[in-house]
1. Do we find a residue being of a type outside the set (A, V, I, L, M), open to solvent by less than 50 Å² (accessible area, probe 1.4 Å), in contact with a His (Cβ under 8 Å, 6 or more places away or on another chain) and farther than 21 Å from A:Tyr175 by Cα anywhere in segment B:190-209?
2. Could you check B:Asp60 against (1) surrounded by fewer than 18 Cβ atoms within 10 Å (Cβ to Cβ); (2) modelled with pLDDT of 95 or more; (3) within 16 Å of DNA strand C (Cβ to nearest atom); (4) not polar (S, T, N, Q) and say which number it fails?
3. Report whether or not A:Ala181 is in contact with a Gly (Cβ under 6 Å, 6 or more places away or on another chain) and modelled with pLDDT under 95.
4. Which of (1) within 25 Å of B:Arg165 (Cα to Cα); (2) open to solvent by less than 100 Å² (accessible area, probe 1.4 Å) does B:Arg13 not meet, given it meets every other one?
5. Would you confirm whether any residue within segment B:106-117 is modelled with pLDDT of 95 or more and of a type in the set (Val, Ile, Thr)?
6. How do the helices (runs of 4 or more DSSP H) wholly within segment A:50-136 filter down when requiring 3 or more residues that are of a type in the set (Asp, Glu): which remain?
7. Return the residues of segment B:19-35 that are within 22 Å of B:Arg116 (Cβ to Cβ), in a helix (DSSP H, G or I) and over 18 Å from the mean Cα position of the chain (by Cα); say none if nothing qualifies.
8. Search segment B:178-211 for residues being more than 8 Å from chain A (Cβ to nearest Cβ), free of Cβ contacts under 8 Å to residues at least 40 places away in the same chain and in a helix (DSSP H, G or I), and hand back the single one that is nearest to A:Gln105 (Cα to Cα).
Number of protein chains: 2
Amino acid sequence: MTSPQRRDAQRNRAALLASARALFAERGLDVTLDEVARHAGVGVGTAYRNFAGKTALVDDLLVERVQALVDLALACAEVDDPWEGLRGYVEQAMALQVADRGLKQLLYAHADAHVRVDAVRAQLGPAVGALVQRAHDAGVLRPDVDVSDVPVINVMLGAVVDLTRDVDPHAYRRYLELVLAGLRAGAEPPELPPPLPLEDVQGALRRRHAR
Amino acid sequence: MTSPQRRDAQRNRAALLASARALFAERGLDVTLDEVARHAGVGVGTAYRNFAGKTALVDDLLVERVQALVDLALACAEVDDPWEGLRGYVEQAMALQVADRGLKQLLYAHADAHVRVDAVRAQLGPAVGALVQRAHDAGVLRPDVDVSDVPVINVMLGAVVDLTRDVDPHAYRRYLELVLAGLRAGAEPPELPPPLPLEDVQGALRRRHAR
DNA sequence: AGACGAGCGGAGACGCCGTCTCCGGTACTC
DNA sequence: GAGTACCGGAGACGGCGTCTCCGCTCGTCT
């Protein structure tokens, strides 16, 4: 009986997947397949033999991450307090995106050819919609809050995340509180996490890449 | 007496400047000098004879725009109501950035070699600082609001602007209200401009460029 | 131990893009 | 009409990421 693959080939494939996961999470989807290969300690050829191309690799690897987000939304619908459910979703969704830069990029960005990711992502809208609806039914949301506000807020906070990532990855929390407080009905303004020192913000802005 | 330049040369230079201003405002700083030249109806060579390079051209053209922002901040310090002064600054600063995409990109982005812009931009921080201080002195701001919050909010709202530009350039106003309300002391939640239809947001997200 | 071929590595072909140069030709000016 | 300031735009150049190709290595089975 012949094993389906030589053992070193299996090792290489695993190493490639691990490296890709790590690099995509840490540095985003812009890392080259060449870089992934080097990081995994194999040649570029090996990378291209294992995966149809970068797009396919990304698609394969990130379905799971997007699924985690969908699961999160579903889980938050089970939380007793409808406000905490919604709030928890937004908060933890951002935390996932801080931890995985690739996820953040793929979640809300031109989806060219990521077929599998697209399929999973399609479930996110309805799940979040349910969260918002439930909060409305419980009267804990300003009546004029709309489902469409959630992705927009994600994008807003995402911008803060990108800005402050290397100064303080959690700085976005301050603005998360700010925005969430604005959505809540009969809001007592919450305590805000402390601001970044001005010079840190200035530094981050200066380092910022132009588009 | 010889005029310093041939008349057609003057016309060409003017056309280039006008085209550059228009294209930078409309489509951002990514337009190529070749495009500017074509738009102006002249050859590329003419463009490069008139300006040291793209960086120099951008630097020349946008000082004035950044100066407008500084002027705005100074003017807002003259408004009687300190809250309206601060609020007006943020609101109109965003409006300027909606109207000029290049300004938005340059204002808070890696400043490589834009010497003149840098010089003017340096005045912005203090001017905004005064605005915030005045609002604090009047007690209309939450005490834990910091100067550093202003640029961060600019970046957040800028993300919304980029997202919704071609669906509804003013959609950011809803989120501006949301955020500003969060900064205000003893806030009565303000009325929010209406949300975008969900499908518009979804469309905008789908069209969004990956980074 | 030996031989077979699955699998490897990585130089480099390719395609794309934006910046900028160069010079034969045009047309403004006096 | 001479002289030259100025023009146009093809294309050189440099950079970058994707992916191919093929001579060679080394795992695997007998």
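The values are calculated or read from the model by the stated rules, or taken from the named source; none is laboratory data. Everything quoted here is computed from the prediction, not taken from an experiment. All Cβ positions, glycine included, derive from the backbone under ideal geometry; neighbour counts span all protein chains shown. Ligands, DNA and RNA are stripped out before the accessible areas are found, and what is left, the full protein with its side chains, is counted by its heavy atoms. Shrake-Rupley method; radii C 1.70, N 1.55, O 1.52, S 1.80 Å.
1. Yes.
2. B:Asp60 satisfies every listed condition except (2).
3. The answer is yes for A:Ala181.
4. (1)
5. No; the residues of segment B:106-117 include none that is modelled with pLDDT of 95 or more and of a type in the set (Val, Ile, Thr).
6. Result: A:54-76.
7. If the condition is that a residue be within 22 Å of B:Arg116 (Cβ to Cβ), in a helix (DSSP H, G or I) and over 18 Å from the mean Cα position of the chain (by Cα), then B:Ser19, B:Leu33 are the ones that fit.
8. Among them, the one singled out is B:Gly203.
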